Amino acid sequence: SNMRLLLLSDANSVHTQKWAFSLQKEGVNLHVFSLMKPTNQSKLKYESHGIEISSPDLGNRIKNIRTPNASKLSYVLAMPKLRKLIRSFAPHLVHAHYASSYGVLGYLSGFHPFVISVWGSDIMDFPNKNRLYKYGLSKVLASADQVCSTSEIMAKDISQNMNIKHVEVIPFGVDTKLFAPNSEHQKNDFIVGTIKSIESYNGIDCLLDAAKIVAHDGLSMIKFLIVGEGTLKNEMDKKSQSLNLQKNVKFVGHVQHDEIVEWFQKLSIFIAVSTRESFGVSILEAAACGIPAITSNVGGLPEVNSHNETGIVIPPERPEILADYILKLYKNEQLRNTLGKNARTRVISNFNWDKSVSQMLKIYNKLCP
């Protein structure tokens with residue numbers, strides 16, 4: 001008998017798609033329930049994998065799925081549709097990705113066995129601020145038969161703060177066949193880059209300040225690449241102009257995930273000097289391409305980048321230290337190559353996507369013997 005899995009998760013998220021397509025490939029019969037309607041592009045992808053999606057289409061009522069706000073309460077309007085789906089699809093297991101919204105739906109459905117995967121911003125950024133939110137979240141998490149976390153630091157945080165006994169750490173691994181060094185491509189330019197959303201917590205302004213210091217040292221052959229969209233994009237673009245960095249810094253905007261590998265492969269160093277981050281999947285994608293990273297020592301980042309082994313770890317919001325290390329890696333090609341090789345080796349052994357999938361299947365099989 002095929003295991004029937006109901007995934008409560010945002011159908012348009014790359015993470016959801018990666019899980020859904022891989023699990024289906026392993027013989028799980030899957031249905032996705034998404035608050036947001038799938039885009040046409042997403043819809044085609046799911047159809048090609050033979051996966052159905054249901055959506056109450058509440059997108060217009062929910063301002064921002066990633067941050068708790070009153071508009072989020074409207075997702076309880078999704079419950080009748082979810083209950084009906086549970087009756088008709090008759091899943092063996094319900095798995096919610098993202099504790100706050102989808103976790104609440106799973107909790108309200110009362111279905112068991114129930115798995116919740118926490119992703120970070122649902123846990124790391126809010127609970128300390130709001131007692132009611134924290135109380136609700138701990139009730140939701142306690143109702144799960146298994147809680148999964150992408151990083152050790154988050155697992156520890158949940159176990160301590162929410163009094164959840166056992167949290168399984170399943171890193172969001174990388175497909176190391178897809179993300180790999182590009183052998184043909186000789187790097188003529190020295191390009192320092194980041195592939196992140198342009199939000200206040202991702203340290204883009206710090207990167208620009210560092211770029212200014214580097215350019216000031218007369219090294220205008222070092223180029224900076226910023227790939228991503230975000231609410232601060234215009235502001236950062238203006239900042240770059242006011243620092244007179246138009247020649248050195250290029251903003252690329254959003255790149256489809258299917259095309260992102262070639263952007264990683266252009267880079268000599270990957271930068272993620274975020275001020276908060278639960279788990280740095282983009283750092284692992286860079287590492288799999290053999291690119292060393294300079295990252296900040298916050299959240300889950302030290303788990304994915306080891307200082308002087310796979311890259312460099314520095315405090316956040318210190319552009320002068322960042323500039324210093326960019327120059328050091330620029331001048332020392334041997335160090336750069338060693339770090340890059342180590343980074344790929346470590347991803348292959350510790351953060352392999354196939355391993356993540358088999359860990360998840362183990363949990364499913366334990367809960368549904």
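The values are calculated or read from the model by the stated rules, or taken from the named source; none is laboratory data. Nothing here was measured: the structure is a model prediction, and the numbers come from that model. Every residue, glycine among them, receives a Cβ derived from its backbone with ideal geometry; neighbour counts consider all protein chains shown. The area values use the complete protein model at the heavy-atom level, side chains included, leaving out ligands, DNA and RNA. Shrake-Rupley method; radii C 1.70, N 1.55, O 1.52, S 1.80 Å.
What the table shows:
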item	result
Matching entry among Phe111, Phe126 (being modelled with pLDDT of 90 or more, over 30 Å from Phe264 (Cβ atoms), part of a loop (DSSP other than H, G, I, E, B) and open to solvent by 20 Å² or more (accessible area, probe 1.4 Å))	Phe111
Candidates Lys177, Lys165, Lys139 - the one that is part of a loop (DSSP other than H, G, I, E, B), surrounded by fewer than 19 Cβ atoms within 10 Å (Cβ to Cβ) and more than 20 Å from the chain's Cα centre (by Cα)	Lys165
Test: Gly290 is at pLDDT below 95, at positive phi and not β-branched (Val, Ile, Thr)	no
Meets criteria (farther than 22 Å from Val214 by Cβ, out of contact with any strand residue (DSSP E or B) (no Cβ under 6 Å at 6 or more places or on another chain) and at pLDDT 95 or above) for Gly299	no
Selection status of Ile191, outside any helix (DSSP H, G or I), under 15 Å from the mean Cα position of the chain (by Cα) and either of a type outside the set (D, E, K, R) or farther than 28 Å from Cys148 by Cα (or both)	no
Residues being aromatic (Phe, Trp, Tyr), within 16 Å of the chain's Cα centre (by Cα) and modelled with pLDDT of 95 or more - total across region 242-286	2
Residue within region 9-17 that is surrounded by fewer than 19 Cβ atoms within 10 Å (Cβ to Cβ) and either outside any loop (DSSP other than H, G, I, E, B) or at pLDDT 95 or above (or both) present	yes
Verdict on Glu309 being in a loop (DSSP other than H, G, I, E, B) and open to solvent by 20 Å² or more (accessible area, probe 1.4 Å)	yes
Cβ pairs under 9 Å, 6+ apart, first in region 1-13 and farther than 24 Å from Cys368 by Cα, second outside any strand (DSSP E or B) and open to solvent by 50 Å² or more (accessible area, probe 1.4 Å)	Ala11/Lys37; Ala11/Thr39; Ala11/Lys43; Asn12/Lys37; Asn12/Thr39; Asn12/Gln41
Selected residue [at pLDDT 50 or above, crowded, with 19+ Cβ neighbours inside 10 Å and charged (D, E, K, R)] from Lys81, Lys72, Lys45	Lys72
